[in-house]
Amino acid sequence: MNSRMVGIALSVSFFVVPALADDTVKIGYIDPLSGGGASIGEIGLKTFQYLADELNASGGLNGKKVEIVALDNKTNPQESLIQAQKAADQGIRIITQGNGSSVAAALSDWVTKYNDRNPGKEIIYFNYAAVDPVLTNDKCSYWHFRWDANSDIKMAALTSFMKDRPNIKKIYLINQDYSFGQAVRTQARAMLKAKRPDIEIVGDEVHPLLKVTDFSPYIAKIKASGADSVITGNWGQDLALLVKAAADAGLQTDWYTYYAGAGGPTAIKQTGLAHRVFQISEGVANSATEAAQNWEAAFRANEGVSLFYPRAVNEMRMLAKAAAQAKSDDPKAIAPQLEGMTIEAFDGGEATMRKDDHQLFQDMYIGSFGPLDPGAKFDEEGTGWGWKLVGALKASDTILPTTCKMERP
């Protein structure tokens, strides 16, 4: 390159790059893109990138382009804080994360302290899937907003469905050994005791998070217990490998899950347990509104994966609404707009962000996995099986009290 071209390049870099930066809102996506949680992290990344493209096609945030910046945290709290600092160093003021409540707790605490130390550079944290109840109770933060139902809400909905199933006599609990898994097992015991005291808990086990490669010893214990049903909050490879081991052992139980839809369908099909695996979620694609089904069909065609996170759609739509109302993308302007905000949820019904604790409330649905009904559009992972709606709970019936004492700036 001659000296004249070097001068041109430098002048272009000097004058153009800052302008482009000013016209872009970057969202830091802090989730696993390597290690045991990578498969689920990649699905989330594809989802948010697709949503950013959709938002940009309609004008972005107040005319600014939205860019998703991928930051691999390896499902590790300490690595997450390193990635959060990298985001801050890049001027990123919105971060989103979902996989791992231990990560979420670390991020929420870090963001709160960072904002106290850096007035005028505040960061806002959007949680789309980490469901430990403490995050919107005793450890709540003004800068943290959660779009997924917390695990207590999900267990309340799941056990309300289970209490009317007389075939349930003996239940085995198996969960990941960290804050979320502990919350699942604690509330399962408490809520089943209140709603179905006749049910016997025949096993209650926890295992290391994303480190078990062979679940056959755990499945042998479940089989020996005589359980007719299993409750698990497992996700990612811990769900897929657990169900695969069940298929290999020919375990004949019903499964009540939080996250069977992500990485689980192929393994579930191998069990042959048609409509005996249940999942609590904020949407069932095959019974969603026509608009939601059309959106999902386009998403699947473009990304090659299912929409496992309808809550991510709600998150980005509420962000767009908050930014438009505030006429700003500054976290200090966005946060008060989100408090108390109501929108039509992706899968129908109203979704409301409670001001008291920044917990979203929305209709909850229970699906069972098996051969598709006539007219159903969506199978999962090419199995020919899909989710069928078998139960629903209105948002107004999912509201639980909070112990949050919000400290507002």
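The values are calculated or read from the model by the stated rules, or taken from the named source; none is laboratory data. Fair warning: this is a prediction, and the values are worked out from it, not measured in the lab. Because the Cβ atoms are built from the backbone with ideal geometry, glycine has one as well, and the counts that use them run over all protein chains shown. Quick note on the areas: whole protein, heavy atoms, side chains included, nothing else; ligands and nucleic acids left out. Shrake-Rupley method; radii C 1.70, N 1.55, O 1.52, S 1.80 Å.
Bridgeable lysines around Lys388 (alpha carbons under 17 Å apart, same-chain partners fewer than 8 residues away excluded): Lys269, Lys377. All C-alpha to C-alpha distances of the chain, sorted into 20 Å bins beginning at zero, yield P(r) values of 27, 56, 15, 2, 0 percent in whole numbers. Within the chain, DSSP assigns beta bridges of which about 35% are antiparallel (rounded to the nearest 5). Cross-link partners for Lys223 among the aspartates and glutamates, with Cα-Cα distance under 17 Å and sequence neighbours closer than 8 places in the same chain left out: Glu200, Asp204, Glu205, Asp214, Asp248, Asp254. Each of Asp347, Asp89 has its accessible area taken with a 1.4 Å probe; listed largest first, they run Asp89, Asp347. When nucleic acids and ligands are ignored and a 1.4 Å probe is applied, Val206 ends up with an accessible area of around 40 Å². Beyond a 26 Å Cα-Cα separation, which of these cross-linked pairs lie in this structure: Lys74/Lys170; Lys154/Lys355; Lys64/Lys86; Lys74/Lys321? Flagged as over cut-off: Lys74/Lys170; Lys74/Lys321.
Annotation: Arg165 carries an accessible surface of approximately 60 Å², with a 1.4 Å probe and no ligand, DNA or RNA atoms counted. Only Lys, Arg, Asp and Glu carry charge here, each on its Cβ (+1 for the first two, -1 for the last two); on that basis segment 182-266 has a dipole of about 220 debye about its Cα centre. List, in the order given, every pair from Lys26/Lys327; Lys332/Lys394; Lys26/Lys211 whose Cα-Cα distance in the structure shown is over 27 Å. Beyond 27 Å between Cα atoms: Lys332/Lys394; Lys26/Lys211. The portion of the accessible surface of the chain made up by carbon and sulfur, rounded to a whole percent, is 53 (1.4 Å probe; DNA, RNA and ligands excluded). The C-alpha radius of gyration of segment 290-381, expressed as a fraction of 2.2 N^0.38 Å, stands at 1.30. When Leu372, Leu81 are compared by accessible area at a 1.4 angstrom probe, the order from most to least is Leu372, Leu81. Under a Gaussian network description of the chain, with springs only between Cα atoms under 10 Å, the residue in Asp53, Asp330, Asp373 that fluctuates furthest is Asp373. Compute the separation of the alpha-carbon centres of segment 149-200 and segment 278-300 and state it in Å as a whole number. The distance from the Cα centre of segment 149-200 to that of segment 278-300 comes to 26 Å. The mean accessible area for residues of the chain, using a 1.4 Å probe and ignoring ligands and nucleic acids, is 40 Å² per residue. Residues Ser58, Ser34 ordered from highest to lowest accessible area at a 1.4 Å probe: Ser58, Ser34. In angstrom, the C-alpha Rg and Dmax of segment 10-143 are 15.5, 52. Over the Cα atoms of segment 239-362, the radius of gyration divided by the Kirkwood radius equals 1.09; this is the Rg/Rh ratio. The angle separating the long axis of helix 3-22 from the principal Cα axis of greatest extent in the chain is about 50 degrees. Measuring how big segment 324-369 is from its alpha-carbon positions, Rg and Dmax come out at 13.4, 44 Å.
If one computes the Cα centroid of segment 227-276 and of segment 328-352, what distance in Å separates the two points? Cα centroid to Cα centroid, the span is 35 Å. Only protein heavy atoms count here; under a 1.4 Å probe, Leu192 has an accessible surface of about 10 Å².
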